[in-house]
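Worksheet: one structure, shown below.
The values are calculated or read from the model by the stated rules, or taken from the named source; none is laboratory data. As the structure is a computational prediction, the values presented were derived from the model and not from experiment. Please note: Cβ atoms are built from the backbone with ideal geometry, for glycine as well, and neighbour counts cover all protein chains shown.
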Amino acid sequence: MQRVVITGIGIYSCIGKNIAEVTESLRQGKSGIIFDQQRKDLGFRSALTGFVETPDLKDFLHRRDRLGMHQPAMYAFMSTREALAMAMLDADYMDKNETGIIFGNDSTAGSVVETIDKARKKKDNTLIGSGDIFQNMNCTVNMNLATIYKLKGINFTLSAACASGSHAIGMGYLLIRQGLQERVICGGAQEINPPAMTSFDGLGTFSSRENEPEKASRPFDKSRDGLIPSGGAATVILESLESAQRRGANILAEVTGYGFSSNGDHISNPDFNGQERSLNMAMKLAGINASNIDYVNAHATSTPAGDGIEAKVISHVLGNNVPVSSTKSMTGHECWMAGASEVVYSMLMMQNDFVAPNINFEEPDDDTKTINIITTAKEHRINCFLSNSFGFGGTNSALIVQRFRN
């Protein structure tokens, strides 16, 4: 079995457009949540969202390369560009050395709506450009990045609701561990336009604290009343230890465990047993026990049921002392990218010896009082962290990352 290491990370989110900005936001407990008047004008019950600036790619890509890119692919290009630079990888190297890509993505609603609007306006489908096709497909991130960076390895999009980004890293880890790939670009991308969130808003899943956007995302807090949608993209470069050492790459950390499960029950309700199985599987694969985990980046989205179940699972599997925080308190729920972005956030904490706060946590309930929730940034050495991701349909993913040791 090959050891699997991380040689590059990149992030483009509502709390920063690069590693430096995001690290500072995590330390400060800075929220990226805003009130979006456009959503209110469209009839949204909740106009809260994470604000993610649409990048201008003209300085980086030719027009022909930009035609097939909508929000998810644009965000993913920015995070991947940063991660590849950190990993010392360029298109020429990847053209000659097999590199794969697995990205988590579960919607392209914004581009689909725009295409339909064009068709209705023009009343002639032949006037719709080919770029719309590549923007509308769920594999839009992989299609664009694999072409731009001349990737020759595994190439598929992973669709698993809010665990998509985490499973993408997990699958890349398994492929490298088995010796089937030397390196895989993994990550998650999430569009943040109103069409992508209309149905979620209609279900009443979003917080209604519109008068205090920065305090609306309240994971584990007794007064939590729903999640806040957000997005962007995060990229993690996975590589076999042998390949990384051969290239002289800087090794940031090692992925040692991946646990997965399906609840096999209700389509949207969380499940204690399913989550517990994924955590235990990750620890077993990593060859560690609960006492080895120094930090948990919780999935906790700020929903009444979800946070309570996860708190019970963490307490049952890991005990009451391990530091826990949900970075979604600052970012909102980044949906398809969350599993990847939260690995990046946790990596930044590991590299800089601190735990980012679970902001807006003021009072626990009976479930959340059983775990050690960190409410202010805390200096803390992290040698091993666990990142939880759970999604609709009962899909669960848990990743364990450790400091690299030869």
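Is it the case that the range 164-184 has a residue that's closer than 30 Å to residue 39 by Cα, of a type in the set (Val, Ile, Thr) and not assigned by TED's automatic domain parsing to the domain that holds residue 267? For the range 164-184, residues closer than 30 Å to residue 39 by Cα, of a type in the set (Val, Ile, Thr) and not assigned by TED's automatic domain parsing to the domain that holds residue 267: absent. Is there a residue in the range 211-225 that is surrounded by fewer than 19 Cβ atoms within 10 Å (Cβ to Cβ), part of a loop (DSSP other than H, G, I, E, B) and at positive phi? Checked the range 211-225: no residue is surrounded by fewer than 19 Cβ atoms within 10 Å (Cβ to Cβ), part of a loop (DSSP other than H, G, I, E, B) and at positive phi. If you check residue 296 against the conditions, is it under 20 Å from the mean Cα position of the chain (by Cα), outside the structural domain of residue 107 (by TED's automatic domain parsing) and part of a strand (DSSP E or B)? Yes, satisfied.
Residues in the range 182-204 that are over 19 Å from the mean Cα position of the chain (by Cα) and surrounded by fewer than 24 Cβ atoms within 10 Å (Cβ to Cβ): 182, 194, 195, 198, 199, 201, 202, 203, 204. So which residues in the range 325-384 are within 20 Å of residue 80 (Cα to Cα), of a type in the set (D, E, K, R) and part of a helix (DSSP H, G or I)? Passing the criteria: only 342. Can you say whether residue 80 is assigned to a strand (DSSP E or B), out of contact with any Lys or Arg (no Cβ under 6 Å at 6 or more places or on another chain) and either among the polar types (S, T, N, Q) or outside the structural domain of residue 217 (by TED's automatic domain parsing) (or both), as far as the supplied structure shows? Spelling it out, it is not the case that residue 80 is assigned to a strand (DSSP E or B), out of contact with any Lys or Arg (no Cβ under 6 Å at 6 or more places or on another chain) and either among the polar types (S, T, N, Q) or outside the structural domain of residue 217 (by TED's automatic domain parsing) (or both). I'd like to check something: does the range 4-26 contain any residue that is without any contact (Cβ under 8 Å) to a residue 24 or more places away in the chain, more than 26 Å from residue 209 (Cβ to Cβ) and part of a helix (DSSP H, G or I)? There is at least one residue in the range 4-26 that is without any contact (Cβ under 8 Å) to a residue 24 or more places away in the chain, more than 26 Å from residue 209 (Cβ to Cβ) and part of a helix (DSSP H, G or I). Here residue 377 meets the list (1) of a type in the set (A, V, I, L, M, F, W, C); (2) in contact with a helix residue (DSSP H, G or I) (Cβ under 8 Å, 6 or more places away or on another chain); (3) under 26 Å from residue 285 (Cα atoms) almost entirely, failing just condition (3). Candidates are the residues of the range 351-406 that are on the phi > 0 side of the Ramachandran plot and in contact with an Asp or Glu (Cβ under 9 Å, 6 or more places away or on another chain); the one that is surrounded by the fewest Cβ atoms within 10 Å (Cβ to Cβ) is 353.
Residues that are surrounded by 14 or more Cβ atoms within 10 Å (Cβ to Cβ), part of a loop (DSSP other than H, G, I, E, B) and touching a residue at least 60 places away in the same chain (Cβ under 8 Å) within the range 99-144 comprise 99, 105, 106, 107, 108, listed in sequence order. Against the criterion of being in contact (Cβ under 8 Å) with a residue 40 or more places away in the chain, in a loop (DSSP other than H, G, I, E, B) and either surrounded by fewer than 24 Cβ atoms within 10 Å (Cβ to Cβ) or in contact with a Phe, Trp or Tyr (Cβ under 8 Å, 6 or more places away or on another chain) (or both), residue 268 qualifies. Before we move on, is residue 249 closer than 30 Å to residue 94 by Cα, touching a Phe, Trp or Tyr at 6+ places or on another chain (Cβ under 8 Å) and in contact (Cβ under 8 Å) with a residue 60 or more places away in the chain? No; evaluated as a whole, the condition is false for this residue. Each residue in the range 275-301 was checked for being in contact with a Phe, Trp or Tyr (Cβ under 8 Å, 6 or more places away or on another chain) and under 16 Å from residue 373 (Cβ atoms), and 8 of them qualify. Filtered by the rule that a residue be farther than 28 Å from residue 376 by Cβ, in contact (Cβ under 8 Å) with a residue 40 or more places away in the chain and in a loop (DSSP other than H, G, I, E, B), the range 37-58 gives 42, 44, 45, 47, 55. Screening residue 155 against (1) out of contact with any Cys (no Cβ under 9 Å at 6 or more places or on another chain); (2) at pLDDT 95 or above leaves a single unmet condition, (1).
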